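The values are calculated or read from the model by the stated rules, or taken from the named source; none is laboratory data. Just so you know, these numbers come straight off a predicted model, no measurement behind them. Cβ atoms come from the backbone with ideal geometry, glycine included; neighbour counts cover every protein chain shown.
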Amino acid sequence: MAEYKSFKPDWAPEKNDKAFACSVMDGIEGITDTTVGNINPQLEKGRRKPIRKLVLPVEEYVNGVAQGNRMVLSRAITLIESNNSDHFAKAQNVLQQLLPRTGKALRIGITGVPGAGKSTMIEALGNMLCNMGHKIAVLTVDPTSSVTKGSILGDKTRMGTLSRNQNAFIRPSPAGGTLGGVARKSRETMLMCEAAGYDIIIIETVGVGQSEITVRSMVDFFMLVVLTGAGDELQGIKKGIMELADAIVINKADGDNLLKAKVSRGEYERMIEYIRPATEGWQTHAYLCSAIKKTGLKELWKVIEIFTKMTKEKGSFQKRRENQLLDWTYSMIDEHLHNLFFDDPVITGRMPEVRQSVLTGKISPTQAVAELINLFDIERAAKRHSGIF
């Protein structure tokens, strides 16, 4: 075993006085053997912490999630997000066993332009719902760093009080370039949270854009958060987001901004008259809210409760859930076939030449597609992915 040694640089003064820029703490009292293995006295007594398992058995995931264990839930979600084929099979096994416990939560989607105060509003709304006895799970989908592949915004750190609430669970996930800013595994993560006993699931997306409509296929109630005087009125119509919203919430309606917010509310109400309702039998309206002053939150929750009760009575709630399951199935088929095609070695080997031929005008894109499809062998490709499905 190597021993610790101390070295004194050439520039060090002779005496241990104020000339030193720092001081060194004394070692652990009673320890005379300074070898690496004996620095911690607990190691000698066999009290060392057991090595943490990276992947748990399926039963431990299932039981932990069913009991509402937040640590096990976090690890189960990490398993779901893994791209490892072995992890995929285990995650699906866990999800299959927990499936009977899912489907009972209310799913709310929240989107809006960056800076609209989505995270602040979610924290205020979440704290209010927790105080009412609900269990809240917040899935925040952040932009992905091109360097670390992790989340950039760190929404969890901006929901300080909610993240410390025992009735709340916040899970930030990098969008990973997925269409709509919704993480590829967000649907399965949502089911895991429902199985853990969370009765309200809130999904916050990256921002407003044409591709952001993906979130509509995951939630029961879709909310658009806007600002006053930011040009959202025109952008909302142009990007097609307003026609998907069950409620338009004008945030930061407080102080000197309150009058402007009331004017904006009137403008949005006039626009809504020309837009087809997002949910059959439900009329979308604009509402004022201030996450900082905690105003308008109770009224907003009342709107969501009325929406849920009405759509369940009319059957549109269940119909939307069924359509979402089918959309999820079809999207996974598209994704799997896409991966089969572009991961096939014959296709990847031929692709550079075909790409160059298209760019130089030797063949048309239609001819290129026909050639690549003819080269593709579905059975050959499927054998390479047999461990996934």
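Mind checking whether some residue in the range 77-89 is modelled with pLDDT under 65 and touching a Ser or Thr at 6+ places or on another chain (Cβ under 7 Å)? It would help to see each step written out before you state the result.
From the range 77-89, those modelled with pLDDT under 65 are none; that's our starting set.
No, the conditions are met nowhere in the range 77-89.
Identify, please: which residue in the range 267-306 is out of contact with any His (no Cβ under 9 Å at 6 or more places or on another chain) and acidic (Asp, Glu) and is, among those, surrounded by the most Cβ atoms within 10 Å (Cβ to Cβ)? Break it down into steps so the answer makes sense when it comes.
Here is the first cut: in the range 267-306, the residues out of contact with any His (no Cβ under 9 Å at 6 or more places or on another chain) are 267, 270-271, 273-302, 304-306.
Cutting the leftovers down to acidic (Asp, Glu) gives us 267, 273, 280, 299, 305.
On the way: GLU267: 14, GLU273: 7, GLU280: 12, GLU299: 11, GLU305: 12.
Looking at residues that are out of contact with any His (no Cβ under 9 Å at 6 or more places or on another chain) and acidic (Asp, Glu), I get GLU267.
Could you list, in sequence order, all residues of the range 264-298 that are assigned to a helix (DSSP H, G or I), at pLDDT 90 or above and hydrophobic (A, V, I, L, M, F, W, C)?
LEU297
Name the residues in the range 307-336 that are over 17 Å from ARG216 (Cβ atoms) and loosely packed, with under 13 Cβ neighbours inside 10 Å, would you?
Step one: list which residues in the range 307-336 are over 17 Å from ARG216 (Cβ atoms), which gives 309-310, 312-315, 332-336.
Hits for the range 307-336 are LYS309, LYS312, GLU313, GLY315, ILE333, ASP334, GLU335.
Answer with yes or no whether VAL208 is of a type in the set (Val, Ile, Thr), part of a helix (DSSP H, G or I), under 29 Å from LEU162 (Cα atoms) and modelled with pLDDT under 90.
On the way: of a type in the set (Val, Ile, Thr): yes; part of a helix (DSSP H, G or I): no; under 29 Å from LEU162 (Cα atoms): yes; modelled with pLDDT under 90: yes.
So VAL208 fails the test.
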